[in-house]
1. For a quick size check, give me the Cα extents of segment 30-100 along its three principal axes, largest first, whole Å.
2. Determine the gain in length on full extension of the stretch Leu90-Ala69; use 0.36 nm per residue of separation and subtract their C-alpha separation, reporting nm with one decimal.
3. Where does the longest stretch of the chain lie that holds no GluC sites (Glu not before Pro) found in a DSSP loop with 14 or fewer other Cβ atoms within 10 Å?
4. Compute the long axis of helix 72-95 from its Cα atoms, compare it with the longest principal axis of the Cα atoms of the chain, and write down the angle in degrees, 0 to 90, nearest 10.
5. Hey, what angle do you get for helix 14-27 against the long axis of the chain, alpha-carbon based, 0 to 90 degrees rounded to 10?
6. For segment 16-98, run through the trypsin sites (Lys or Arg not before Pro) and keep only the ones in DSSP coil with at most 14 other Cβ atoms within 10 Å of their Cβ.
7. Share of the chain's accessible area from carbon and sulfur, percent, 1.4 Å?
8. Just to check, using Stokes-Einstein with a Kirkwood Rh over alpha carbon pairs, what's the diffusion coefficient of segment 1-63 at 10 °C and 1.306 mPa s in µm²/s?
Amino acid sequence: GPLVRRTPRTIGSYDALMAHLEKVRRVGYAIDDEETNLGTRCIAVPVFGGPSRVVAAVSLMGSIEELPAERFPALAAGLQATARELAASLAALAGGGPIS
């Protein structure tokens, strides 16, 4: 069935959402490209707590001028590095070891 649209760019169908999620899995990051608010974008990556267990996310939000689409891969790479550091810190906390 149809999904609730917040802007004209919001994903409007279940099939389109499933296709979008498959792309997210493939590239390793998600983009909200004016789907929630016109004029803003968000890029997000998962923080893993195990091989396939997502425990958190790290995101960056800004205007469409601040986050141009051509920068998405580089921004995602930076966020993924941060997410790996967070995952390591969380693992150290869970194991009682030092956080580096």
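1. For segment 30-100, the Cα extents along the three principal axes come out at 44, 19, 16 Å.
2. 4.5 nm is the gain from fully extending Leu90 to Ala69.
3. Counting at most 14 other Cβ atoms within 10 Å as exposed, the longest clean stretch of the chain is 1-64.
4. Roughly 40 degrees between the two axes.
5. So the helix axis and the longest Cα principal axis differ by about 40 degrees.
6. For trypsin sites (Lys or Arg not before Pro) across segment 16-98 that sit outside H, G, I, E and B with at most 14 neighbouring Cβ atoms in 10 Å, the list reads Arg53.
7. The computed percentage sits at 60.
8. Taking Rh from Cα pairs, D becomes 124 µm²/s.
The values are calculated or read from the model by the stated rules, or taken from the named source; none is laboratory data. As the structure is a prediction and not an experimental result, all values here were calculated from the model. Glycine gets a Cβ as well: all are built from the backbone with ideal geometry, and neighbour counts include every protein chain shown. Surface areas here come from the heavy atoms of the whole protein model, side chains and all, with no ligands, DNA or RNA. Shrake-Rupley method; radii C 1.70, N 1.55, O 1.52, S 1.80 Å.
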